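Everything on this sheet refers to the single structure shown next.
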Amino acid sequence: MEAKELSFEQALKRLDEIVKGLEKGDVSLGDSMLMFEEGTALIRRCTVLLDQAEQQVVRLKKGADGAPEELPFESEN
C-alpha cells in the first residue's frame, strides 16, 4: 500500500518498523536506501494528515455571557 493511502496510525506504525529495521544494522545499503525513501514518504503523509487535523481544530473562547464560544482555528502561517 502506498504511503498516501495510509491512515496516520498506519503510517506511524510502518515508520516505526522502518526505524527499528534500520537500527538493527543488518540491512544492505540498497535496502537501507529504499527504507529511507519509504520513511521520507511516510513522514510527508503524517505531516499532511496532521495539517488537515489542525485545520479542523476550533479554539474555545469565553463569549460575552461567559459561555464558551467556538471560533474557527486560525493558522499562524
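None of the figures in this text is laboratory data; all of them are computed from the coordinates on show. Note that the structure is a prediction, hence the values are computed from the model and not measured.
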Here segment 29-42 yields Karplus 3J(HN,Hα) values (6.51, -1.76, 1.60; θ = phi - 60°; whole Hz; Gly and Pro given as x) of 4, x, 5, 4, 5, 5, 5, 4, 4, 5, x, 4, 5, 5
Using modelled amide H (1.01 Å from N, peptide plane; none on Pro or chain starts), what sits under 5 Å from the amide H of residue 69, excluding residues fewer than 5 places away?
-> 61, 62, 63
So what are the ³J(HN,Hα) numbers for segment 16-25, from phi and the Karplus equation (6.51, -1.76, 1.60; θ = phi - 60°), rounded to whole Hz, Gly and Pro as x?
-> 4, 4, 5, 4, 4, x, 5, 5, 5, x
